1. Return the sequence-ordered ³J(HN,Hα) values of region 99-110 in whole Hz as given by the Karplus equation 6.51 cos²θ - 1.76 cosθ + 1.60 applied to θ = phi - 60°, using x for Gly and Pro.
2. Quick one: which of 286-293, 99-106 comes out on top by average Cβ neighbours within 10 Å, and what's the full order, highest first?
3. Can you give the net charge of the other residues whose Cβ lies under 15 Å from the Cβ of Ala65, counting K and R as +1 and D and E as -1?
4. Can you give the calculated 222 nm mean residue ellipticity of the chain, where each DSSP H run of n ≥ 4 adds -39,500 (n - 2.57) and the sum is split over every residue, rounded to the nearest 500 deg cm²/dmol?
5. Note down the net charge around Ala315, summing +1 for each Lys or Arg and -1 for each Asp or Glu among other residues with Cβ under 12 Å from its Cβ.
6. Specify which labelled value, from (i) -0.70, -1.20; (ii) -0.89, -1.36; (iii) -0.75, -1.48, agrees with log10 I(q)/I(0) by the Debye sum over Cα atoms at q = 0.11, 0.15 Å⁻¹ derived from the coordinates of the model shown.
7. Which of Pro144, Pro252, Pro285 ends up with the largest GNM mean-square fluctuation for the chain, with Cα atoms connected below 10 Å?
8. Alpha carbon centre of region 63-86 versus region 167-220: separation in Å?
Amino acid sequence: MADRRWGVVATVREPLELVLAFACHHLDMGAEVTLFFDDPDDPAAPVLERIRGVRVIRCDGAHWAAMGWDRRPDIQTPRQNTNFRWAVAEELADWLIHLDADEFLWAPEGVWAEIDAVGSADWLAVPPWERVLGPDDAGLFSGPFRGPVEGDLTAIYGREARFLEPRGLAGYASAKPMVPAHTPHHVVTHRVTGPNGPIPRHRAETLRVLHVEGLTPVHWAVKQLRYAVQSPRRILMRPARYAALREIIAAPDVRAAALERFELTYRLSRDRLEALERVGALHHPRLDVAGAVERTGAPGPFDATGARLDEALDAVLGRLAEEVSERRDELLAVPLPT
């Protein structure tokens, strides 16, 4: 409806290709997009600033001071939560959701249909699906999406099941909240609470967060090794995810192990894809990001193959792999999450 506005908020520090894809996809859906650039000197910021409908906020010292922090929070999650709560309090739109740059909303029935179904609940819980690749899939946004699996994961994933516990996803399985502006409740990126605990929610029927965790193997490997070198941050991981990361850290060739772990985790055999299909956990939403970039009139050309993204990240991956190798004993000494 023309008199109502919904928006997407993101705290980003990613290559231009991904930030551009994220912004244009959501603009194409009718959202207003607010990007908090974690690095105030990010070269992507001036590019996105030129796109109509995108609000750019640089997270410099003045920003964090205005948010009530005496310095930039060390951990990513408080930075995201602070930015999200500010956007809600400032009423940047009537309804808002905070996403990561590798997350794309999918709304086959429209966003407002889901919001209108919230009824007497206080917020809309949007569940995730996670992108996987079939044997022949290539490109940034190709491939189907898997959802949570109830029951025995071993029947589908074999040995890999231990890295996907408890519900068959390598990333997160909890919903992301979409909330009305000025909500009085405590809002963070995965839940909404009040003084006495969780607040009533409505689970979205068709709206989903499409999580493309790792647009390419190189992009995913960089993310994992960044987690690895931030030792205290890993304690916040669930045990299955940390177990996969620990195998990478312990490998003689860290770079090769990280790239191989991507293939083992996300590239599925036809048998496994068929098994997911049988239990209703494989989904085929259409994600036309390249088309959205073109329709939005954003600066181009947009490379949907991933070659340009990999070129930008290749040296970063090499430096991180070297650091992990040099600090291996120290990093493996990080306690297991509980």
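The values are calculated or read from the model by the stated rules, or taken from the named source; none is laboratory data. Worth saying up front: this structure is predicted, and the values here are computed from it rather than measured. No Cβ is skipped: glycine too gets one built from the backbone with ideal geometry, and neighbour counts run over all protein chains shown. Each accessible area value is taken on the protein alone, full model and side chains, heavy atoms only, with ligands, DNA and RNA left out. Shrake-Rupley method; radii C 1.70, N 1.55, O 1.52, S 1.80 Å.
1. Each residue's phi maps through the Karplus curve to give 10, 7, 5, 9, 10, 10, 5, 10, 9, x, 9, x Hz.
2. With the highest mean Cβ count within 10 Å placed first, the list reads 99-106, 286-293.
3. Numbers: positive: Arg58, Arg71, Arg72, Arg79; negative: Asp60, Asp70.
Spelling it out: positives minus negatives among the neighbours equals +2.
4. Values: 14 runs with 133 residues, N = 338.
One gets -11500 deg cm²/dmol as the mean residue ellipticity at 222 nm.
5. Numbers: positive: Arg255, Arg319; negative: Asp310, Glu311, Asp314, Glu322.
That works out to -2.
6. Calculated log10 I(q)/I(0) by the Debye sum over Cα atoms at q = 0.11, 0.15 Å⁻¹: the matching label is (iii).
7. Highest fluctuation of the listed residues: Pro252.
8. 19 Å
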